[in-house]
Amino acid sequence: MSDVVERTLSALPGLLGQHDPGAGPGGGPGRVSATSRLGGLIRSITALSSKHEEEKLIQQEQTNLKATVSAPTTTLRLMKECMVRLIYCEMLGYESSFGYIHAIKLAQQGNLLEKRVGYLAVSLFLHENHELLLLLVNTVVKDLQSTNLVEVCMALTVVSQIFPREMIPAVLPLIEDKLQHSKEIIRRKAVQALYKFYLIAPNQVQHIHDKFRKALCDRDVGVMAASLHIYLQMIKKNASGYKDLTESFVTILKQVVGGKLPIDFNYHSVPAPWLQIQLLRILGLLGKDDPRTSELMYDVLDESLRRAEINHNITYGG
């Protein structure tokens, strides 16, 4: 078995938030943990020598899982374990549509860990036009109104990945409010959700452009960086409408090139290379065929190129 598989199996307990199966409530020495079942499935598949054998094994696994998730006595904890194995089956390319509705129920009814797995499964199983996704809207609205930061984060994450276009008005006011949240991770995820809305229904977020500008000036670098994705798309459509922000983008790029950002944003000693690329794209659009606007950015562009020549590690940032 490859080192990659072995490292994956050893990491599963931490990823699934589980410890010794005998240590938790209701867990006994004879109890088989979720990681043992999933680990056994992974080991069995990696030991196979043909695609036919894999299909036969997955078919049997799906049959067992279908019986378990459909049983009225199945607990949410067991449902979470089944959902992890269903995710693995889907990752291998085997549709497990019988489990989709149960993923939604898990996101609706479970505790934090179970809800997390339910949301993850939904985001992997469904697409934004899937009819079952409408059943998740009320849960998302409820979690966006929660006082628990983890629930709010999970709801914002799933909204930024998949959400039905026609239901955007149901959550848009709640997400707008999150732009003023005291926690930067909530503000950042709210911006990411609005970016998703802009891509699928730009007319529905036209009225909050002023809030995008506040996000651009946010004291947290992650929130500011997230807002750049929205601005790149808007400037592609109408560069003339954002010329007044040229100096703001230039100032941000100066801070990035000058190493003013937290070291976490560096990559191979290069200051935030992807952020630099995003800003250069924006400035390129703003300065196109506009000598006056271009003059505002010459100095910072020169500095950016000069530092790139000094630090050959910039090649890692591409």
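For Ala170 and His207, FRET efficiency with R0 = 22 Å and r from the beta-carbon atoms, rounded to 0.05?
Efficiency at R0 = 22 Å is approximately 0.85.
Which order do the peptides 126-133, 157-164 come out in when sorted by mean C-beta neighbours inside 10 angstrom, highest first?
Descending packing order for the listed peptides: 157-164, 126-133.
Report Rg/Rh for segment 140-267, rounded to two decimals, where Rg is the Cα radius of gyration and Rh the Kirkwood radius.
The Rg/Rh ratio comes out at 0.98.
Provide the per-residue ³J(HN,Hα) series for segment 154-163, in order, calculated from phi with Karplus coefficients 6.51, -1.76, 1.60 and θ = phi - 60°, each as a whole number of Hz, with x at glycine and proline positions.
5, 5, 5, 5, 5, 5, 6, 9, 9, 6
Holding the Cα-Cα limit at 26 Å, pick out from Lys115/Lys189; Lys142/Lys183; Lys56/Lys115 the pairs that are longer than that.
Lys56/Lys115
Placing unit charges on C-beta atoms (Lys and Arg positive, Asp and Glu negative, everything else neutral), compute the dipole magnitude of the chain about its Cα centre in debye, rounded to 20.
420
Calculate, in nm to one decimal, what Leu78 and Thr147 gain on full extension: separation in residues at 0.36 nm each, minus their alpha carbon distance.
Length gained, Leu78 through Thr147: 22.1 nm.
Ranked highest first by average number of other Cβ atoms within 10 Å, how do 200-212, 134-146 line up?
134-146, 200-212
Assuming R0 = 25 Å, what is the FRET efficiency of Ala67 and Glu131, from their Cβ-Cβ distance, to the nearest 0.05?
0.50
How far is the Cα center of segment 109-135 from the Cα center of segment 146-170, in Å?
Comparing the Cα centres of segment 109-135 and segment 146-170, I get a distance of 11 Å.
Which three extents, in whole angstrom, do the alpha-carbon atoms of the chain cover along their principal axes, largest first?
So the three principal-axis extents are 72, 46, 38 Å.
Run lengths n ≥ 4 of DSSP H only: what is the helix-derived mean residue ellipticity at 222 nm for the chain, with -39500 (n - 2.57) per run over all residues, to the nearest 500?
-20500 deg cm²/dmol
Read-outs: derived from the displayed coordinates by stated rules, not from any lab. These figures come from a predicted structure and were not determined experimentally. As a convention, Cβ positions derive from the backbone with ideal geometry for all residues, glycine included, and neighbour counts pool all protein chains shown.
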